Structure formats: structure tokens, C-alpha cells
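The values are calculated or read from the model by the stated rules, or taken from the named source; none is laboratory data. Remember, it's a predicted structure, so these values are computed and weren't measured experimentally. Here the Cβ positions follow ideal geometry from the backbone for every residue, glycine too, while neighbour counts run over all protein chains shown.
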Amino acid sequence: MSADSHIFIQTFSGFDLFVDNQVVYFSSKKSKELLALLVSKRGGSVPLSEIAYILYSDTPERTAKSNIRVIGHRLRQILREHGCEGLLIHRPGVYSVNTGLFTCDYYEFMKENRTYITAYTGKYMPEYPWASEAVPYLNVVYNTHIKKYPPTNPQPDLCHDVSDNPVPPCVE
């Protein structure tokens, strides 16, 4: 990866990886989902058995683990093609991501970065059923952030004039 490359991972309203503002195409849905799962763990090590359970719950564990090795290899190839294979960390029995190599809307949201607080729309990787478990927590965090940092440019009230009198067509 070149020193001036910028990697951004989007989790709100759908999962995508961007390198230098260009979306990365994944030829394998499961390799993209593996990256999404690892990003959701915020750099923590994820055991192969946990990945197998999440990505291949209806598959025998031995087959699932074999499949994960294949999709891990595909993911590494895709990342290599885009100069960012350092994102993926693989050690015997575990996978993780190098969080120091990319910016992520979810991570910035959790750091109370106002730009990313307003980017949250209540959707967190909706294409992955396992990600839905995080939405209630993210909603609580969002509501806490909004109380702490009210929007600086509130939407204008188009139904009332400056004296708070109703205006057509919103007459009360």
C-alpha cells in the first residue's frame, strides 16, 4: 500500500470498502462478509470457530473451517490487488483487521466524531443478519450523542413563521 493511499470502510447503510475513494469490488460475497465481520469486532481477534458459526451456521464445522480458509485466501487476494492486504491479519486459528490502516464510519461514530454521528441512519450493515444485533446499541449511542451534541444546523420549521404562527399549508 502506498503511503498516500486512503482506505475507508463504510458500515452504515451497507458495507463497502473504498481505496482512494474508489469502491472495491468483491468477487466473493463471503470474503466481503468475512471482512465486514472482522471490522465489526474492531480489531479484536476472531477465532476460526466463531467465524465458522457466524458465516456457516448450517454447515459442519470441519467443512466451514475449510471454506473460511478459502475465503480468507480470496480476501487476501482482493486486498492485495488494491494495495491494502495489510488490513487482514491472520494467525493460526484467528483472524483480525489492522485498525490503524483505515478510517471507518463505525469507529469514528464510537469516538463521538460529529461528522459520523450525523451519518448514522439506524442502518448498520443491513445485508448481514448477524450485524442487526448491534443496531439497538448503536441507536442508544446515537441518542446519547445527539443529546450531548445537538445538531448545529437544525432543520427549519416550514409550518411556522418567526413568531411561531402557523403558515399555510400547515395551518393547525
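Within segment 46-65, is even one residue within 19 Å of the chain's Cα centre (by Cα) and within 19 Å of VAL23 (Cα to Cα)? For segment 46-65, residues within 19 Å of the chain's Cα centre (by Cα) and within 19 Å of VAL23 (Cα to Cα): absent. Within segment 15-36, residues that are under 15 Å from LEU88 (Cα atoms) reach no partner that is crowded, with 19+ Cβ neighbours inside 10 Å and of a type in the set (Asp, Glu) with beta carbons closer than 7 Å at six or more positions or on different chains.
Among the candidates LEU75, LEU34, LEU38, LEU17, the residue that is surrounded by 14 or more Cβ atoms within 10 Å (Cβ to Cβ), among the aliphatic types (A, V, I, L, M), at pLDDT 95 or above and not in a helix (DSSP H, G or I) is uniquely LEU17. Of all residues in segment 78-100, those satisfying the criterion of being assigned to a loop (DSSP other than H, G, I, E, B) and either in contact with an Asp or Glu (Cβ under 6 Å, 6 or more places away or on another chain) or over 17 Å from ARG42 (Cα atoms) (or both) are HIS82, GLY83, CYS84, PRO92, GLY93.
The residue of segment 3-14 that is farthest from GLY83 (Cα to Cα), among those that are aliphatic (A, V, I, L, M) and modelled with pLDDT of 95 or more, is ILE9. Residues that are basic (Lys, Arg), exposed (fewer than 14 other Cβ atoms within 10 Å of the Cβ) and in a helix (DSSP H, G or I) occur at least once in segment 46-66.
A residue that is of a type in the set (A, V, I, L, M), touching a residue at least 12 places away in the same chain (Cβ under 8 Å) and in contact with a strand residue (DSSP E or B) (Cβ under 7 Å, 6 or more places away or on another chain) cannot be found anywhere in segment 56-71. State whether one or more residues within segment 46-54 are of a type in the set (Phe, Trp, Tyr) and either without any contact (Cβ under 8 Å) to a residue 24 or more places away in the chain or at positive phi (or both). Among the residues of segment 46-54, at least one is of a type in the set (Phe, Trp, Tyr) and either without any contact (Cβ under 8 Å) to a residue 24 or more places away in the chain or at positive phi (or both), which makes the answer yes. Only a single item in (1) over 25 Å from ALA134 (Cβ atoms); (2) under 20 Å from the mean Cα position of the chain (by Cα) is not met by HIS73, and it is number (2). Residue under question is ARG91, and the condition is that it be in contact (Cβ under 8 Å) with a residue 24 or more places away in the chain, more than 18 Å from PHE26 (Cα to Cα) and surrounded by fewer than 19 Cβ atoms within 10 Å (Cβ to Cβ); does it hold? Criteria met by ARG91.
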